[in-house]
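Colleague: Below is a structure I'd like to ask you about.
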Amino acid sequence: MNASRAISQPAASRRAFLLGGLATAGTMVLAGCSNDPSPAARPIGATPSLTPSAGQRVVSQSLVAKPTTLDLGGVTVDTWAYGDTAPGPLLRAKAGDMLRVTVDNQLPDDTTIHWHGIRLRNVADGVPGQTQDPIKPGTSYTYEFTAPDPGTYFFHPHVGVQLDRGLYAPLIIDDPSEPGRYDAEWVVVLDDWIDGTGTTPDEVFTKLTGGQGGGMDHGSMEGMDHGAMRGMARDGAQPFGDAGDVAYPHYVINGRAPADPDVLRAKPGQRVRMRVINAGSDTIFAVAMGGHQMTVTATDGWPVEPVTTDAFYIGMGERYDVEVTLDDGVFPLVATPVGKKGIARALVRTGPGRAPADDTTPRELSGQVLMGTDLRPAESSRLDPKDPDDQQMLHLSGQMQPYSWAVNGKPFGQNTPISLTRGSRVRLRMMNMTTMTHPMHLHGHTFALPNGLRKDTVLIAPMRSIDVDLDADNPGDWMAHCHNIYHAEAGMMIALNYVK
Ligand code: C2O
Ligand code: CU
């Protein structure tokens with residue numbers, strides 16, 4: 001581990017680098033279809049099928065991953081999506097159901113699907129070269145798994161930077177025993193959008209990493225002095241330092257840009273449950289509804305002690321369930337990208353009235369914004385009290401120039417997998433030695449924060465460290481990585497393998 005990896009460029013030149021890069025992106029050579037996300041990829045062979053247990057309900061769905069043209073609301077883009085919408089079709093089942101999803105890959109590239117947050121059997125986890133062979137263009141593949149835990153999830157490819165196309169969709173696992181104290185439910189999917197606006201995510205990745213040599217770390221001359229301090233001081237009002245690498249031209253809610261937003265309807269006085277999902281690749285959002293407070297009831301599928309707030313942060317890969325009692329009128333539901341310019345919004349309509357201007361920022365965003373890590377778990381979400389049997393380190397490092405991100409001193413493929421022993425309680429110490437915030441996500445398990453909060457994706461602010469505990473109760477070879485898809489693809493990922 002090398003402390004100099006923690007130093008990144010000052011914010012101003014980082015941003016200029018990006019905007020400059022995007023302006024010339026149209027002239028760049030296509031990155032092509034060379035996605036090889038995992039240097040450690042190995043052939044896997046056929047996936048064993050799963051037989052439903054007696055009385056188990058099977059929920060079947062087919063998906064077509066394909067190039068398509070989408071109208072984002074005044075913005076038309078050529079992109080890749082599941083069918084002809086982004087987000088793709090909602091997939092919904094009950095806790096304990098078996099899901100059987102067939103993917104027809106009509107993309108000009110390999111793909112897979114990862115069922116983000118689901119504690120599923122390892123062979124269905126969708127990591128090419130680790131749990132399955134990639135799904136080749138023109139072929140199809142069937143995922144079969146049981147979804148044990150209720151909650152709000154989503155799914156997306158685990159190949160290259162395909163998540164930053166339109167390839168994502170919500171996955172909701174209902175709790176048959178939940179009282180459901182609400183009148184209506186809205187699924188609210190946030191995204192940062194660049195694909196088909198003159199560049200593609202592959203081109204963005206090439207631009208970020210391009211021309212910098214073979215990923216060697218020579219540090220950054222301009223950034224050598226107090227990069228970390230500047231990163232933290234720049235946005236006094238938000239706790240995340242440099243929150244992202246890419247200045248996106250659009251931010252969307254449910255696939256719609258602010259000029260022609262999605263309209264969410266209900267009646268005045270109704271209590272609505274919103275399931276908010278951040279499917280963005282490089283953007284943390286702050287979320288608020290004009291004229292309303294929201295009560296956060298769950299995160300990443302796990303109930304919390306309810307907290308009422310004006311606004312909350314949501315990192316890439318995180319989910320928050322909130323409940324709102326609706327007033328009479330038309331209200332903006334807004335997600336502002338942290339540390340970036342722009343706005344995502346939908347409209348909440350419970351009665352007649354004029355829509356607010358498309359750049360209206362609700363007053364609710366100017367006060368305290370709830371940090372997910374400040375939530376406390378509902379009693380039902382706690383792990384059984386137990387001391388860890390084992391402690392493992394995830395040391396996060398990297399910087400913008402050269403664009404390189406790593407776990408435990410080396411990028412994925414060169415770092416040493418972490419070993420997990422079945423049946424043990426494992427403490428992961430995740431140390432962020434960079435000037436950026438990283439949403440760290442663990443496959444196949446959930447973890448408990450020091451206060452007991454259960455999650456599968458947690459934002460770790462610059463130069464902060466967090467200990468999370470997990471029960472190693474789901475054997476297989478798994479991934480932990482930053483859910484900034486550009487960081488993950490550049491190497492901020494590590495395998496966690498059960499000792500055989
Ligand atoms: Cu949603 Cu491996 O990630
Ligand atoms: Cu990251």
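Colleague: For D310, indicate whether it is within 20 Å of L365 (Cβ to Cβ) and either at pLDDT below 95 or open to solvent by 10 Å² or more (accessible area, probe 1.4 Å) (or both). Spell out the reasoning first.
Modeller: Numbers: within 20 Å of L365 (Cβ to Cβ): yes; either at pLDDT below 95 or open to solvent by 10 Å² or more (accessible area, probe 1.4 Å) (or both): yes.
When the stated conditions are applied, D310 passes them.
Colleague: Checking R429 against (1) open to solvent by 10 Å² or more (accessible area, probe 1.4 Å); (2) within 16 Å of ligand 1 (Cβ to nearest atom): exactly one of these is not met. Which one?
Modeller: (2)
Colleague: Sticking with this one: Looking only at residues that are of a type in the set (D, E, K, R) and within 16 Å of ligand 1 (Cβ to nearest atom) in the stretch 459-500, which one is nearest to S404 (Cα to Cα)?
Modeller: To start, the set of residues in the stretch 459-500 that are of a type in the set (D, E, K, R) comprises 464, 467, 469, 471, 473, 477, 489, 500.
Restricting the remaining residues to those that are within 16 Å of ligand 1 (Cβ to nearest atom) gives 477, 489.
On the way: D477: 24, E489: 9 Å.
This residue is E489.
Colleague: Can I ask one more? What single numbered condition from (1) assigned to a loop (DSSP other than H, G, I, E, B); (2) over 22 Å from the mean Cα position of the chain (by Cα) fails to hold for P306?
Modeller: With (1) assigned to a loop (DSSP other than H, G, I, E, B); (2) over 22 Å from the mean Cα position of the chain (by Cα) applied to P306, the lone miss is (1).
Colleague: Now, a different point. Give just the number: which of (1) away from ligand 2 (no atom under 16 Å from the Cβ); (2) surrounded by fewer than 24 Cβ atoms within 10 Å (Cβ to Cβ); (3) within 25 Å of Y313 (Cβ to Cβ) does Q414 not satisfy?
Modeller: The failed condition is (3).
Colleague: Among the numbered criteria (1) open to solvent by less than 70 Å² (accessible area, probe 1.4 Å); (2) at pLDDT below 95; (3) part of a loop (DSSP other than H, G, I, E, B), which one does G26 miss?
Modeller: (3)
Colleague: Assuming N432 fulfils every condition listed in (1) in contact with a Ser or Thr (Cβ under 9 Å, 6 or more places away or on another chain); (2) farther than 21 Å from D374 by Cα; (3) within 14 Å of ligand 2 (Cβ to nearest atom) apart from one, which condition is it?
Modeller: N432 satisfies every listed condition except (2).
Colleague: Taking the condition open to solvent by 50 Å² or more (accessible area, probe 1.4 Å), β-branched (V, I, T) and either assigned to a loop (DSSP other than H, G, I, E, B) or more than 30 Å from A259 (Cα to Cα) (or both), does T69 pass?
Modeller: On the way: open to solvent by 50 Å² or more (accessible area, probe 1.4 Å): yes; β-branched (V, I, T): yes; either assigned to a loop (DSSP other than H, G, I, E, B) or more than 30 Å from A259 (Cα to Cα) (or both): no.
When the stated conditions are applied, T69 does not pass them.
Colleague: Quick one: S397 ticks every box in (1) more than 16 Å from ligand 1 (Cβ to nearest atom); (2) open to solvent by 10 Å² or more (accessible area, probe 1.4 Å); (3) small (G, A, S) bar one, so which box is it?
Modeller: (2)
Colleague: Are any residues in the stretch 478-498 in a strand (DSSP E or B), surrounded by 20 or more Cβ atoms within 10 Å (Cβ to Cβ) and out of contact with any Cys (no Cβ under 9 Å at 6 or more places or on another chain), and if so, which ones? Reasoning before the result, please.
Modeller: Within the stretch 478-498, the first condition is being in a strand (DSSP E or B), and the residues that meet it are 478-482, 493-498.
Then keep just the ones that are surrounded by 20 or more Cβ atoms within 10 Å (Cβ to Cβ); that gives 478-482, 493-496.
Scanning the stretch 478-498 gives W478, M479, A480, H481, C482, I494, A495, L496.
The values are calculated or read from the model by the stated rules, or taken from the named source; none is laboratory data. Keep in mind it's a predicted model, so treat the numbers as computed, not measured. Because the Cβ atoms are built from the backbone with ideal geometry, glycine has one as well, and the counts that use them run over all protein chains shown. Quick note on the areas: whole protein, heavy atoms, side chains included, nothing else; ligands and nucleic acids left out. Shrake-Rupley method; radii C 1.70, N 1.55, O 1.52, S 1.80 Å.
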